Every structure is written in structure tokens, then in C-alpha cells.
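What follows is a set of notes on a single structure, which appears directly below.
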Amino acid sequence: MKIGIIGTGAIGGIIAKKLAATGHEVKIYSSGGQQKLEERARELGVIPSTKDQIIVDVEVLIVSIPTIAIPELSDLIAKVSNNVIVIDTSNYYPFRDGEIEDLKNGKVESVWVSETLGRPVIKAFNNLLAHTLESGGKPEGVKDRIAMAVSGDDQQAKEIVSTLINDAGFDAVDAGTLADSWKHQPGTPAYCTELTGEELHQALADGDKENAAYLRDQAIGKFMNFSMPPAHEEVVAMNRSLFPENPNRH
Ligand SMILES: NC(=O)c1ccc[n+]([C@@H]2O[C@H](COP(=O)([O-])OP(=O)(O)OC[C@H]3O[C@@H](n4cnc5c(N)ncnc54)[C@H](OP(=O)(O)O)[C@@H]3O)[C@@H](O)[C@H]2O)c1
């Protein structure tokens, strides 16, 4: 497929690399300037683009930037043709993104993104850590393959996004509509806990919307108490430990 990616950091970069490696035509754009973008594109094996061109001649546009920067894209995204699937990878962290009133008041994050950008989005690539995305993929059908959640209101678009998730090395699990996408936001059992498809189905059903922001902030508080940045396995273990009532997960 022809894919444009806005944001070439930890997540956008890995998605770009993985999808290009499986034969997709991937171009990238980020706000950091031409030279940095060209270096990043070389490193990832993809094509550097401009802000104007990133939305042109693509079937899928992946927005992978911090939540706080999403409003900066609204003019650009308003020009995106209606048949392009827009994927939102974002997660809201007040300590990083500041206080966004609607989100603080419980609006579902990708619903806010969709309203802010003025068009439908599919939420995907948000509930696995960058390290998991980079190193945890497996071929389809392999036992204990890690699963990723996908939500949105357009079933056909979700199926297309699910094929990209599969190409990236993960099982896709349909988490429902965009309004349901809180089930894989930070502070839920589905969030960055590296589950199989079956386990992820259960975790999506187990989430508690009212408690999620509290648990998200608890997790951040615990991470900040580490004297050194925690290892990837410690982050996953910590995320899982927030939900001890859930079945044992591999
Ligand atoms: N890291 C993870 O494990 C993870 C996992 C799942 C989801 N997410 C979510 O995915 C999103 C991206 O995360 P990340 O970790 O990849 O962030 P990151 O490493 O900080 O990268 C952010 C990228 O966004 C670009 N950017 C920022 N503002 C922009 C704008 N206005 N226009 C165009 N590009 C802009 C930055 O460009 P420059 O550097 O060129 O300035 C950078 O390439 C976040 O919402 C995050 O919560 C992260």
C-alpha cells in the first residue's frame, strides 16, 4: 500500500521501517527539519517527504506524534482526501502533553483526536511499547504471537489496518468503535502488557474506564521512582502488575 507517516520518532519510525520491509511504499514527514528527516529516512529505508506532499497519493496516513501536537495538524489533515484511512497512534500523558481539558474530563482520546482533526480516524499501534513493536513481532500463526488492538467506526478501514498490523508481526484484535477505544488507552489491562489475541480480548473486556486515568498516573509515578530507566521487561511487568485480578498472563 502507499503509506504516509507523520512523526518519525520511536513509534512512527518503527512502523515505517517494518511496513517498508514488508513491501509497502512508505514516505515520512516530521517537524524537525529537512536534514534530520533525510537522515531518518535513510536509516529507516523509506522516502522523505514534505508537509504538503505527505498527504498526497497515499491510501493510509499514520499520525504518530505527541497528543499535544495534534491540533497543529488540523489544517493539513483537512486537505486529506476522504478515502484515505487516517490512523492515530497517540496516547495522552498529562505529564508530557499538559492539561487538555476534554481529556482530563474523560473524553475518549481518539474521539478527541478525530474531532480535533475533523475527520474519522482508526486507533491502532498505540497499545504496544516501541520496543515490543520493534522486537516482539512474529510470523502469522506462530504460538504466543503478541496482539494489537484496533478500534474505529469503519469496519472496512479496520480490516485494512489489521492487515498492516499483521504485516508488522502482530495479531490484530478488533476492540470496537472509536468510542470503545478507551479500552486500550493507558491505565487499562490491554495497554502495553504484551498479550496474545485471546488474552487481549479478555483484557479489553476487563478495563475500567473510570479508573484508567488514575492507574495511568500511578504507573507513571512508579516509573519515576526507578533510579535508572527501567528495562523493557520491567515496564511490561509493572503494567501487568496493575491488574493482579486478571488471569495469569504469559
Ligand atoms: N514510544 C512508545 O512506546 C509509544 C507506544 C505507542 C504509542 N505511542 C504514542 O505514539 C505517539 C508518538 O510517540 P513516539 O514515542 O514515537 O514520540 P517521539 O519519539 O517523541 O516522536 C514524536 C515525533 O513526532 C514529530 N512531531 C512532533 N510534532 C509534530 C508536528 N506538529 N508535525 C509533524 N511532526 C511532529 C517529531 O518530530 P521531530 O523529532 O522531527 O521534531 C517526532 O518525529 C505519541 O502519542 C505516543 O504516546 C508511543
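The values are calculated or read from the model by the stated rules, or taken from the named source; none is laboratory data. This one's a predicted model, so the numbers in the text were calculated from it and none came from an experiment. In this analysis, Cβ positions are derived from the backbone assuming ideal geometry, glycine residues included, and neighbour counts consider all displayed protein chains. Only protein heavy atoms, including side chains, enter the accessible area calculation; ligands, DNA and RNA are left aside. Shrake-Rupley method; radii C 1.70, N 1.55, O 1.52, S 1.80 Å.
How big is the dipole moment of the chain about its Cα centre under a simple scheme where the beta carbon of each Lys and Arg is +1, that of each Asp and Glu is -1, and everything else is neutral? Debye, nearest 20, please. Mind showing how you got there, number by number?
Details: 24 positive and 36 negative charges, 100 e Å.
For this selection, approximately 480 debye.
Rolling a 1.4 Å probe over the heavy atoms of the protein chains gives the chain an accessible area of 47 Å² per residue.
Among the listed pairs LYS18/LYS104; LYS18/LYS123; LYS27/LYS158; LYS143/LYS222, those with a Cα-Cα distance over 23 Å are LYS18/LYS104; LYS143/LYS222. Contact order for the chain, expressed relative to its length and based on alpha carbon pairs under 8 Å spaced 6+ residues apart, stands at 14 percent. Think of it as helices only: each DSSP H run of n ≥ 4 in the chain is worth -39500 (n - 2.57), and spread over all residues that comes to -11000 deg cm²/dmol at 222 nm.
When DSSP beta bridges are restricted to pairs lying wholly in the stretch 66-241, around 20% turn out antiparallel.
Run the numbers for GLU115 and LYS138: contour at 0.36 nm per residue of separation, minus the present Cα-Cα distance, in nm.
Working: separation 23, 0.36 × 23 = 8.28 nm, distance 3.47 nm.
Full-extension gain reported as 4.8 nm.
The label point for LYS222 and the one for LYS209, both projected 7 Å from the Cα toward the Cβ, are 2.5 nm apart. In the chain, the alpha-carbon atoms span a convex hull of 123 Å³ per residue.
Taking HIS201, HIS184, HIS232 and ordering them by how much accessible surface each has at a 1.4 Å probe, largest first, produces HIS201, HIS232, HIS184.
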